[in-house]
1. Looking at (1) at pLDDT 95 or above; (2) closer than 22 Å to MET295 by Cβ, which is the only condition LEU224 fails?
2. Just a yes or no: is a residue in the stretch 192-212 closer than 21 Å to LEU130 by Cα and assigned by TED's automatic domain parsing to the domain that holds ARG133?
3. Could you identify the single residue in GLY113, GLY28 that is touching a residue at least 12 places away in the same chain (Cβ under 8 Å) and under 25 Å from the mean Cα position of the chain (by Cα)?
4. Name the residues in the stretch 144-178 that are charged (D, E, K, R) and over 15 Å from the mean Cα position of the chain (by Cα), would you?
5. Tell me, which helices (runs of 4 or more DSSP H) lie completely within the stretch 91-170 with 1 or more residues that are not assigned by TED's automatic domain parsing to the domain that holds ILE309?
6. Would it be correct to say that ALA284 is farther than 23 Å from LYS132 by Cα, in a loop (DSSP other than H, G, I, E, B), out of contact with any helix residue (DSSP H, G or I) (no Cβ under 7 Å at 6 or more places or on another chain) and not basic (Lys, Arg)?
7. Take the stretch 99-119 and flag every residue that is surrounded by fewer than 24 Cβ atoms within 10 Å (Cβ to Cβ) and over 30 Å from LEU177 (Cβ atoms).
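The values are calculated or read from the model by the stated rules, or taken from the named source; none is laboratory data. Note that this is a predicted model, so its numbers are computed, not measured. Glycine gets a Cβ as well: all are built from the backbone with ideal geometry, and neighbour counts include every protein chain shown.
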Amino acid sequence: MEMNNVVNSKRVFCVQPHRPIGFGEMLGKRGDIRLDMLEQKAPDEAALQILAAAHAYQMSSARDELAPHYHARAELLGRTPNLLIVSTNGAGYDTVDVNACTERGVLVVNQSGGNAEAVAEHVLGMMLCLVKRVPDSDRALRAGTIKNRNDYTGGEAYGRTVGIVGLGNVGRRVAELAGILFKMKVLAYDPYLGADVVKARGAEKVELHELLQRSDFVSINCPLTPESRKLIGAREFALMKPNAYFITTARGSIHDEEALERALHDKKIAGAGLDVWEKEPPAASHPLMKYDNVMVTPHMAGVTKEARIKMGQLAAEQMLDALDGKPVPRIINPQVWPAYAKRFEQTFGFAPAPPPDEPNWHAAEKHE
């Protein structure tokens, strides 16, 4: 456990090894902020004192990498009575019980947009590799089992249709790349956006069933929420075309892995690109690993050197703005604001500025 030597009024903590790149250095420039680092082990007496005094928690969004007792759920919230802000390192927030935070007047923010370019490029990479049959021909060539290269004839992405589930920071970049690079028709299912916004982001707004029926590629780019959990199951895979590919770089629990395996086994779809899993990392014996038409990666779409640096900078800037009472753009639970603002003023003696009317998606762009 390490801590800043400056005694000050604003307390932030992280859990090793989940401190974003550059986060500590940026907060360390401020004499009024103390950053404490805790270990993954269950909190001892010293850690409990840090938790009790903390105003903010900068935390991992990787549910299988962060110790469960440090997930921002009721147990942890019961140990952090002064906590005002929970900030996840990435766009995801499935290590956070948002409702529990809202009930306690705790503001939840993320770093959406910080790794949008990295994830969108991963989607396009998987799309191209699958349609051109790179993974299965690579395996066969290495194994010496190729007899005729024509057995691995692929297709082209140009002019096809991509359906994007969730047209947020990543989804809109996928739409932009697909439309510009390959003149693809872009469909989008996003119940939180109007047709005019979807059109402005380069897509046609459709319902989920229509997207699945019309798309050559289905890309999942929405967050994991109670509404999106198991959104894609047996019924949804049955709606897809037999020559269509399913790609997900979002969260594993949004699709039903058993249903996907059955769809592949029955040749209901052409293949899949999977970066996220229900349990991470997946076992080498996972049933989906046996298919040559499935491309797999270990939840690494957003893990690039550039994205890690950008995400750390965004996290630090947003944390500093929040603690200074400045507007913060990436709020997950805006309904908490009245209770949060009251608690903030009671703690620091001044009221925080209200958030912007619209999420500041372009906040990440100034660092590109």
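1. Going through (1) at pLDDT 95 or above; (2) closer than 22 Å to MET295 by Cβ one by one, LEU224 breaks only (1).
2. Within the stretch 192-212, one or more residues are closer than 21 Å to LEU130 by Cα and assigned by TED's automatic domain parsing to the domain that holds ARG133.
3. It is GLY113.
4. First pass over the stretch 144-178, keeping only residues charged (D, E, K, R): 147, 149, 151, 156, 160, 172-173, 176.
Correct list: LYS147, ARG149, ASP151, GLU156, ARG160, GLU176.
5. The qualifying helices (runs of 4 or more DSSP H) are 116-131, 134-143.
6. So ALA284 fits the description; yes.
7. Correct list: ASN99, ALA100, THR102, GLU103, ARG104, GLY105.
Conditions (1) closer than 19 Å to ALA120 by Cα; (2) exposed (fewer than 15 other Cβ atoms within 10 Å of the Cβ), marked per residue:
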position: ASP256; (1), (2): no, no
position: LEU260; (1), (2): no, no
position: ASP266; (1), (2): no, yes
position: ASP275; (1), (2): yes, no
position: THR297; (1), (2): yes, no
